[in-house]
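This report refers to the structure that appears directly beneath it.
The values are calculated or read from the model by the stated rules, or taken from the named source; none is laboratory data. From a predicted model like this one, the values you see are computed outputs, not experimental measurements. Every residue, glycine as well, gets a Cβ built from its backbone with ideal geometry; the counts of neighbours run over all protein chains shown.
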Amino acid sequence: MPALIECRNLVKTYEMGDQVVHALNDVSLDIEAGEYVAIMGTSGSGKSTLMNLLGALDQPTSGQLRIAGEDVRALGPDAVSRFRNRTIGFVFQQFNLLPRTSALENAALPLIYSGLPHAERVKRSMARLEQVGLGERTDHHPAQLSGGQQQRVAIARGLVNDPKILLADEPTGALDTKTSKDIMAIFDQLNREGITVILVTHEQEVAEHARRQIVFRDGEIVEDRS
Amino acid sequence: MNALASLRVALTALRINALRSALAMLGVIIGVASVIVLVSISEGTKQAVEAQIASFGANLLIIRPGSSMFGGRRGGAGSADPMTDGDVEAIRTEIAGLAGVSGEVSAGTTLVFGGINWTSRIQGVNPDYFSARGWVIGEGRAFSGAEDVSGRRYVVVGQTIIQELFDGASPLGQSIRIGGQPFEVIGTLERKGETSWGQDQDDVVFAPLSTVRQRFGAGMRATVRDAVSTIYADIAPGESTSRVIEDIQDLLRIRREIQPGAEDDFAVGSLAEFIRARNETESQLGLLLAVGAGIVLLVGGIGIMNIMLVSVTERTREIGLRLAVGARRADVRNQFLIESIVLCVIGGLAGLVVGVGGTLIYAEVGQLDIVIDPVIVAIAIGASALVGVFFGLYPAHRASRLNPIDALRFE
């Protein structure tokens with residue numbers, strides 16, 4: 001059985017004026033279903049570029065990228081949207097919740113684009129909010145929630161479509177130490193339940209929650225340890 | 001994402017920024033309201049003019065003698081030889097496309113019924129006169145051609161006469177004395193009201209033309225025994241007014257022996273044409289006002305576009321998020337487009353309320369005729385939706401072209 005994520009000779013270059021920047025330089029990498037991976041590196045190391053590729057938010061310049069059996073490069077714009085909607089859950093550093101919108105509606109956002117009926121959307125997002133410990137606050141707006149609670153809503157939103165991969169970009173970057181631990185505990189728990197979790201971080205403490213750490217420097221993998 | 005879900009998302013977004021949404025709508029509200037007010041007033045004026053034309057006789061030609069000419073000295077209006085019964089008869093028999101022709105003579109006189117008197121004018125007319133001038137017989141009947149010829153002392157009276165002489169009771173069959181002679185009332189006329197210049201059109205008494213001529217000497221001159229002061233000719237529906245006017249002019253030039261090249265000493269005029277010509281300038285004014293209102297709507301649309309562009313910029317991260325979690329570009333475009341349309345349509349409906357309200361107040365205060373045309377209302381709402389599409393398209397397109405990665409990082 002092939003790996004959940006297969007990267008073969010991935011290259012990503014950007015043109016900045018007349019300079020060509022190699023953000024990713026011939027990266028090959030497999031991630032199996034159920035893994036708990038931390039992608040590490042300093043700013044500009046290429047970890048964010050890889051995350052955008054793994055999240056199907058961007059296309060590689062060359063190389064092969066298969067996620068959950070799909071050749072991402074072959075997908076058209078609408079197909080790639082549908083693919084993200086069904087396959088990947090995102091968690092961001094800044095939570096990216098819609099303001100003045102309830103936790104429930106925020107968590108249900110991806111389901112709108114899955115074409116599910118309203119009742120089903122409410123049912124599923126309610127279940128996910130309960131899973132992250134926010135079952136009591138489903139009608140609260142982001143402004144009425146603490147940072148940790150907001151990130152829980154964001155995690156519920158990432159999970160609501162039963163994705164194969166949960167992709168978290170610096171998920172504790174905007175949180176204090178205590179709250180960070182609580183949030184990381186949620187990721188640990190989710191991974192124990194079988195979800196593939198990929199963390200992108202520059203913090204060693206966060207990375208240590210993962211069972212595999214991949215370190216990037218100058219667009220290349222310099223370390224891959226389990 | 002289906003249209004209903006898009007609509008719900010759009011309404012939520014507008015509710016979140018309620019004040020800004022309301023301000024953005026203001027231009028559309030004012031635009032639609034002014035379109036409705038201005039068009040309603042202009043329509044009302046037009047209908048009032050049409051009603052005036054109808055009360056005068058919709059396709060009426062007025063034929064009068066003009067100025068006489070003696071060795072280069074012009075005698076002034078009405079100084080030429082009068083029209084005669086012979087002219088009336090010639091027009092009736094020789095001009096095609098006329099629904100009716102009538103001469104008219106009149107004399108000032110006093111009407112007496114019982115102990116009450118009223119000073120008015122008695123008008124002698126041919127039976128065609130009533131339909132030509134748009135009179136409708138209320139009770140009784142008009143006199144016939146035979147009664148006209150035999151000079152019967154019958155009268156048909158207007159509502160003012162009924163009010164003044166009979167205190168509103170039915171005058172049918174009553175005998176009134178006019179200039180000392182008994183006349184029988186055989187018919188009444190339905191009310192026409194005042195003209196726009198305030199003349200009471202219902203203060204009228206009509207009798208057969210020959211009767212008025214014989215009994216009052218009206219229109220008689222030493223030289224011409226069968227003169228009429230005016231000839232009214234009613235053009236049949238669908239006939240060309242200018243063709244009929246030319247035919248009448250040709251006929252009268254022959255009858256009055258006017259040399260080729262010489263000026264007419266008579267005039268064939270159409271008041272309806274004159275009123276319509278005046279209305280033409282008014283409807284052009286109305287058009288100008290409507291254009292002005294359209295410009296306001298356009299400015300309103302620019303306001304909508306401005307707000308939508310601000311909204312797209314402000315919600316860049318939201319757009320990035322939506323794209324990341326599975327929105328297609330079309331979903332994002334539709335969301336902003338629907339927001340813009342909803343904004344404009346709500347503005348249009350509010351403008352409708354303001355516009356209709358304003359029109360009613362204007363009509364009440366100004367005592368003016370207004371017509372709120374449902375078609376105009378539909379056009380106004382449709383126009384605001386179109387403004388929403390037109391001015392929403394660019395911001396919506398811009399939103400849909402955002403790159404999710406950059407959008408998510410946008411500060």
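Here are the numbers for this structure:
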item: Hey, A:Gly219 touching a helix residue (DSSP H, G or I) at 6+ places or on another chain (Cβ under 7 Å), small (Gly, Ala, Ser) and touching a residue at least 40 places away in the same chain (Cβ under 8 Å) or not; result: no
item: Sole residue being away from every other protein chain (no Cβ under 14 Å) and more than 18 Å from the chain's Cα centre (by Cα), chosen from A:Gly148, A:Gly133, A:Gly194; result: A:Gly133
item: Leading residue by the ranking (nearest to B:Phe143 (Cα to Cα)) among those in the stretch B:176-216 that are touching a residue at least 60 places away in the same chain (Cβ under 8 Å) and surrounded by fewer than 14 Cβ atoms within 10 Å (Cβ to Cβ); result: B:Gly193
item: Selected residue (criterion: farthest from the other protein chains (Cβ to nearest Cβ)) from residues of the stretch A:32-51 that are of a type in the set (Val, Ile, Thr) and under 16 Å from the mean Cα position of the chain (by Cα); result: A:Val37
item: Filter result for the condition that a residue is within 14 Å of chain B (Cβ to nearest Cβ) and not aromatic (Phe, Trp, Tyr), over A:Leu29, A:Leu54; result: A:Leu54
item: Among the residues listed as B:Val371, B:Val375, B:Val365, B:Val356, the single one being closer than 21 Å to B:Gly286 by Cβ and part of a loop (DSSP other than H, G, I, E, B); result: B:Val371
item: Among (1) crowded, with 24+ Cβ neighbours inside 10 Å; (2) within 43 Å of the chain's Cα centre (by Cα); (3) not in a helix (DSSP H, G or I), the one test that B:Ala327 misses; result: (2)
item: Qualifying residue in the stretch B:375-386 (condition: within 14 Å of chain A (Cβ to nearest Cβ), out of contact with any His (no Cβ under 8 Å at 6 or more places or on another chain), in contact (Cβ under 8 Å) with a residue 60 or more places away in the chain and hydrophobic (A, V, I, L, M, F, W, C)); result: no
item: Test: residue in the stretch A:154-174 that is over 23 Å from A:Ala56 (Cα atoms) and either within 14 Å of chain B (Cβ to nearest Cβ) or at pLDDT 95 or above (or both); result: yes
item: Residue list for the stretch B:173-186, filter: assigned to a loop (DSSP other than H, G, I, E, B) and either outside the structural domain of B:Asp202 (by TED's automatic domain parsing) or not small (Gly, Ala, Ser) (or both); result: B:Gln174
item: Selection status of B:Ile376, surrounded by fewer than 16 Cβ atoms within 10 Å (Cβ to Cβ) and either aliphatic (A, V, I, L, M) or outside the structural domain of B:Val32 (by TED's automatic domain parsing) (or both); result: no
item: Enumeration of residues in the stretch A:71-87 that are within 10 Å of chain B (Cβ to nearest Cβ), touching a helix residue (DSSP H, G or I) at 6+ places or on another chain (Cβ under 8 Å) and aliphatic (A, V, I, L, M); result: A:Val80
item: Flag if A:Glu170 is charged (D, E, K, R) and surrounded by 15 or more Cβ atoms within 10 Å (Cβ to Cβ); result: yes
item: Residue list for the stretch B:346-371, filter: crowded, with 19+ Cβ neighbours inside 10 Å, among the β-branched types (Val, Ile, Thr) and under 13 Å from B:Val32 (Cα atoms); result: B:Ile346, B:Thr359
item: Residue match in the stretch B:307-318 (condition: within 21 Å of B:Ser34 (Cα to Cα), among the aliphatic types (A, V, I, L, M) and either away from chain A (no Cβ under 14 Å) or free of Cβ contacts under 8 Å to residues at least 60 places away in the same chain (or both)); result: no
item: Subset tally (residues that are over 30 Å from B:Thr109 (Cα atoms) and either assigned to a loop (DSSP other than H, G, I, E, B) or outside the structural domain of B:Ser102 (by TED's automatic domain parsing) (or both)) for the stretch B:211-266; result: 15
item: Residue within the stretch B:288-303 that is at pLDDT below 85, under 27 Å from B:Ala132 (Cβ atoms) and within 24 Å of the chain's Cα centre (by Cα) present; result: no
item: Pair list, Cβ < 6 Å and 6+ apart or interchain, from the stretch B:148-159 residues that are closer than 13 Å to B:Arg215 by Cα to residues that are of a type in the set (D, E, K, R) and surrounded by fewer than 17 Cβ atoms within 10 Å (Cβ to Cβ); result: B:Tyr154/B:Glu184
item: Every residue from the stretch A:89-121 that is among the hydrophobic types (A, V, I, L, M, F, W, C) and at the interface with chain B (Cβ under 8 Å from one of its Cβ atoms); result: A:Phe90, A:Phe92, A:Leu98, A:Leu109, A:Ile112
item: Index of the failed condition, B:Arg243 passing every other in (1) surrounded by fewer than 22 Cβ atoms within 10 Å (Cβ to Cβ); (2) charged (D, E, K, R); (3) within 22 Å of B:Thr119 (Cα to Cα); result: (3)
item: Failed condition for A:Ser125, given (1) away from chain B (no Cβ under 13 Å); (2) more than 17 Å from the chain's Cα centre (by Cα); (3) among the hydroxyl-bearing types (Ser, Thr, Tyr); (4) surrounded by 15 or more Cβ atoms within 10 Å (Cβ to Cβ); result: (1)
item: Residue pairs meeting the criteria (Cβ under 6 Å; at least 6 apart or on separate chains; first within 7 Å of chain A (Cβ to nearest Cβ) and under 19 Å from B:Asn17 (Cβ atoms), in the stretch B:327-338; second aliphatic (A, V, I, L, M) and buried (at least 21 other Cβ atoms within 10 Å of the Cβ)); result: none
